[in-house]
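The values are calculated or read from the model by the stated rules, or taken from the named source; none is laboratory data. On a predicted model such as this, the values are computed, not experimentally measured, just so you know. Cβ coordinates were reconstructed from backbone atoms using ideal geometry, including for glycine residues, and neighbour counts include every protein chain displayed.
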Amino acid sequence: MARYRDALCRLCRRESEKLFLKGDRCYTDKCAVERRKYPPGQHGQRRRKFSDYALQLREKQKAKETYGVLEKQFKRYFYMADKRTGVTGDNLLQLLERRLDNVVYRLGLASNRRQARQLVLHGHINLNGRRVNIPSCLVRPGDIVSIMEGSKKLHIIEENVSKIEHRGLPGWVEMDVNTLSGKVLHNPARDEIMLPVQEQLIVELYSK
């Protein structure tokens, strides 16, 4: 399985903003974006003027890096969004938000999406009472996402659950801390997707 294995902080620095790829570290002074506010590499501190294509590409890369998907899969999401009724950019972000690993992260059961993906792959997550180990599985309104009974005592789960109240939850999901289960209330609207991405630039890039 292909996946990104390089330093995550380089991705944030490349976009010159926090993508919260490393969870709690991104909220501390150790965050690489706070310490070095310029792109990585020997030419990172040069002033650069971006073309329209470069701006579109950076927005696409930012969305890919945030959700941890590769180019082929991201392009498939775009084509799925383009075939649906409504605004293509909003549809694209909604599909990415509905990924099971992202929902686990949004519920506060993981500190970042990479950790959420690992929880799903290792079989710690139930979807509607059945164990699912496919991170890209799309959830629907009314679906119940929960922790396997034998995994509830994992230190990493208990630590993340203790921080749910501090982190807060988006309005399209709800979480029951006592049973460690969350429910998808409805498909996320654009104003409920906390992502600093200009999705219209992504649509323009793929529409060329």
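Report whether or not Gly89 is closer than 28 Å to Asp191 by Cβ, surrounded by 13 or more Cβ atoms within 10 Å (Cβ to Cβ) and modelled with pLDDT under 90. Judged against the criteria, Gly89 is not a match.
For every residue, the table says whether it meets (1) within 30 Å of Thr88 (Cα to Cα); (2) of a type in the set (Lys, Arg); (3) at pLDDT 90 or above; (4) assigned by TED's automatic domain parsing to the domain that holds Arg58.
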| position | (1), (2), (3), (4) |
| --- | --- |
| Leu109 | yes, no, yes, no |
| Arg114 | yes, yes, no, no |
| Asn133 | yes, no, yes, no |
| Arg140 | yes, yes, yes, no |
| Lys153 | no, yes, no, no |
| Glu159 | no, no, no, no |
| Met175 | yes, no, yes, no |
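Just one of the listed residues (Val104, Val69) is surrounded by 15 or more Cβ atoms within 10 Å (Cβ to Cβ), within 18 Å of His124 (Cα to Cα) and in contact with a strand residue (DSSP E or B) (Cβ under 9 Å, 6 or more places away or on another chain), and it is Val104. Could you check, for the stretch 34-55, whether at least one of its residues is at pLDDT below 90, among the polar types (S, T, N, Q) and under 18 Å from Pro196 (Cα atoms)? Within the stretch 34-55, not a single residue is at pLDDT below 90, among the polar types (S, T, N, Q) and under 18 Å from Pro196 (Cα atoms). Take Ser151 and decide whether it is polar (S, T, N, Q) and in contact with a Lys or Arg (Cβ under 7 Å, 6 or more places away or on another chain). Here the answer is no, as Ser151 does not meet what is asked.
Quick check: anything in the stretch 63-85 outside the structural domain of Met175 (by TED's automatic domain parsing), under 13 Å from the mean Cα position of the chain (by Cα) and of a type in the set (Asp, Glu)? The answer is yes, given that some residue of the stretch 63-85 is outside the structural domain of Met175 (by TED's automatic domain parsing), under 13 Å from the mean Cα position of the chain (by Cα) and of a type in the set (Asp, Glu). Among the residues of the stretch 187-208, those identified as under 15 Å from the mean Cα position of the chain (by Cα) and not in a loop (DSSP other than H, G, I, E, B) are Arg190, Glu192, Glu199.
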